[in-house]
Amino acid sequence: MRGTMLAGMVLLTLAGCSAVRPHPHVGDAVAGGAHAVALLRDARGTDIGRATATEVTGGIRFTVDARALPPGTHGAHVHSVGRCDAPDFASAGPHWNPTGAKHGALNPMGPHQGDLPNLIVGADGRGTIGVIVPGASMAGLLDPDGAAIMIHAGADDLSTDPGGNSGERVACGVFVAG
């Protein structure tokens, strides 16, 4: 009985220590970490949602909350320039690719840091993404020319370099530090 009580006390003590000094895990928010927001707009300037980039242990957590988009699957990418000039948003440049990788999670030489999962939009016109990009840096994202989030007309095939055959750019937002 005494051995069982002692073992229980040791476990409680160890549990208490881990609560006092937690070890950071990939994806945990970084205290005082950088945060950026992008307001998504279509080519007419209509507000269609927002995206966030948050510094976490081991990378950046990107979220996209979109509305008023056609139902279906849409490519979503971080682009290398913080400009969203309508109507085609070409001013946002290519995908953000600081490591020089190829495009797509299914590409053996990819993915690059601008690759996000496809945005699935329901019949109500709404879609959400939440993903952590390991190794990504907020300093790289918010460099002097900035970065943008882009929604494309079609699905990203997750392998074709450089853009996944995801079609025209239909919505864009510039990341602004917050």
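The values are calculated or read from the model by the stated rules, or taken from the named source; none is laboratory data. Keep in mind that this is a model prediction, so the values were computed, not measured. Just so you know, the surface numbers come from the protein's heavy atoms only, side chains and all, with ligands and any DNA or RNA stripped out. Shrake-Rupley method; radii C 1.70, N 1.55, O 1.52, S 1.80 Å.
Hydrodynamic estimate: the Kirkwood radius of the range 45-172 over Cα pairs, inserted into Stokes-Einstein at 25 °C and 0.890 mPa s, corresponds to D of 170 µm²/s. On the principal axes of its alpha carbon atoms, the range 103-178 extends 35, 33, 21 Å, with the longest extent given first.
Overall, the accessible surface of the range 62-178 at a probe of 1.4 angstrom is composed of carbon and sulfur to the extent of 59 percent. When you restrict to C-alpha pairs under 8 Å that are six or more residues apart and normalise by the size of the range 75-148, the relative contact order lands at 36 percent. Reported to the nearest whole Å, the Cα centre-to-centre distance from the range 61-102 to the range 116-172 is 4. In the range 100-141, inverting the average of 1/r over every pair of distinct C-alpha atoms gives 12.0 Å as the Kirkwood radius.
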